[in-house]
Amino acid sequence: MSYEDQGLFLDGKGDAIGVDNTQGDLMNSRAYDVFGKIAYWFDDDRRLQLSVNRYRIEGQNDYVGVLGDRNAGVPTTSRRGDPQGSAPFNSVWTTGVTWDDYDLAGMHLNVLGFYQDYESLFGATNSGTFQDPAIAPVGTLYDQTMAETRKYGIKTSLTKEGLWDDRVKLTFGFDAMRDDTEQYLWGTDRTYVPKVKYTDLSPFAQIDFSPIESLTFSAGARYEYAKLDVASYRGRWPPTTACG
């Protein structure tokens, strides 16, 4: 477990560095990370393992940027203030289940199933792409985007060692993953980036050849089938052509 509380960053002259309220910033933020792993051996060759990781970092929204002047050699700085909107953050849950069988007909089988839930909130701005006169006068609407991603899949490998007097090792495997991602406007619940569904299927093979103990040659091949589906949508104000 870990916890981190970062304050304002200063430059070499002791002046405050300009905070990035839109993308989010490491300074003036708090973060925690919790990781756990537990495994159970059914016998000398078979093991089941569960791992869980929770990480979150969030800005404290205690500072606003003060624009500098490039021509005058004045850098951007920060001052105490209350930025618009909610504080930016990144949040992720990752879980994995691993099965190892070290003696499956004389081979090593490894299977990993995983799931990840990721969220990222960007800071508020009155960007022109956020405006809609039906909600607020143009130029006055502050909004912020939220990106959400769900990933899950499986990774497998089957390895045979000890071939040709321990000179050759063969590995075969198959990976599969599904990624569902979307990005929307947090404050007004509008589509910003349409839902995207990505599927990847990848069989592979590898051979390791060791003519002598201190030298190994490796060669392999991997085939990837990838499919990307993007939902139909219509852009925000001003009206744009439908996409899909």
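The values are calculated or read from the model by the stated rules, or taken from the named source; none is laboratory data. The shown structure was predicted, so the numbers you read here are calculated from the model rather than taken from an experiment. Don't worry about glycine lacking a Cβ; one is built from the backbone with ideal geometry, like all the others, and counts go over all protein chains shown.
Of the residues making up segment 57-76, those that are more than 19 Å from ASP15 (Cα to Cα) and of a type in the set (Asp, Glu) number 1.
Given the criterion free of Cβ contacts under 8 Å to residues at least 12 places away in the same chain, exposed (fewer than 15 other Cβ atoms within 10 Å of the Cβ) and of a type outside the set (Ser, Thr, Tyr), identify the matching residue among LYS37, LYS13. Going through LYS37, LYS13 in turn, just one is free of Cβ contacts under 8 Å to residues at least 12 places away in the same chain, exposed (fewer than 15 other Cβ atoms within 10 Å of the Cβ) and of a type outside the set (Ser, Thr, Tyr): LYS13. It is to be established whether one or more residues within segment 134-147 are among the charged types (D, E, K, R), surrounded by fewer than 16 Cβ atoms within 10 Å (Cβ to Cβ) and more than 19 Å from GLY220 (Cβ to Cβ). No - not one qualifying residue is present in segment 134-147. The criterion of being exposed (fewer than 12 other Cβ atoms within 10 Å of the Cβ) and not in a strand (DSSP E or B) does not hold for ASP25.
Go over the candidates ASP69, ASP25 one by one and state the one that is acidic (Asp, Glu) and in contact (Cβ under 8 Å) with a residue 12 or more places away in the chain. Only one candidate qualifies: ASP25.
Within segment 219-234, identify whether any single residue is closer than 24 Å to GLU119 by Cα, surrounded by 14 or more Cβ atoms within 10 Å (Cβ to Cβ) and in contact with an Asp or Glu (Cβ under 7 Å, 6 or more places away or on another chain), and answer yes or no. No, every residue in segment 219-234 fails to be closer than 24 Å to GLU119 by Cα, surrounded by 14 or more Cβ atoms within 10 Å (Cβ to Cβ) and in contact with an Asp or Glu (Cβ under 7 Å, 6 or more places away or on another chain). Contact map, segment 182-198: residues that are within 20 Å of TYR152 (Cβ to Cβ) paired with residues that are surrounded by fewer than 15 Cβ atoms within 10 Å (Cβ to Cβ) and among the hydrophobic types (A, V, I, L, M, F, W, C), Cβ distance under 6 Å, separation 6+ or inter-chain. Pairs shown: GLN183/VAL193; LYS195/ALA231; VAL196/VAL230; TYR198/LEU228.
For segment 112-121, the count of residues that are of a type in the set (A, V, I, L, M), closer than 22 Å to VAL19 by Cα and either within 17 Å of the chain's Cα centre (by Cα) or modelled with pLDDT of 95 or more (or both) is at least one. Anything in segment 156-178 that is in contact with a helix residue (DSSP H, G or I) (Cβ under 8 Å, 6 or more places away or on another chain) and of a type in the set (D, E, K, R)? List them, or say none. Listed by number, the list holds a single entry, LYS169. Note on segment 224-244: residues that are at pLDDT 95 or above and more than 24 Å from the chain's Cα centre (by Cα) amount to 0. Out of the residues in segment 127-168 meeting the condition of being in a helix (DSSP H, G or I), over 30 Å from PRO211 (Cβ atoms) and in contact with a Lys or Arg (Cβ under 8 Å, 6 or more places away or on another chain), tell me which one is modelled with the highest pLDDT. The qualifying residue modelled with the highest pLDDT is PHE130. For segment 94-106, the condition holds for at least one residue, the condition being that it is under 18 Å from the mean Cα position of the chain (by Cα), surrounded by 15 or more Cβ atoms within 10 Å (Cβ to Cβ) and more than 27 Å from GLN60 (Cα to Cα).
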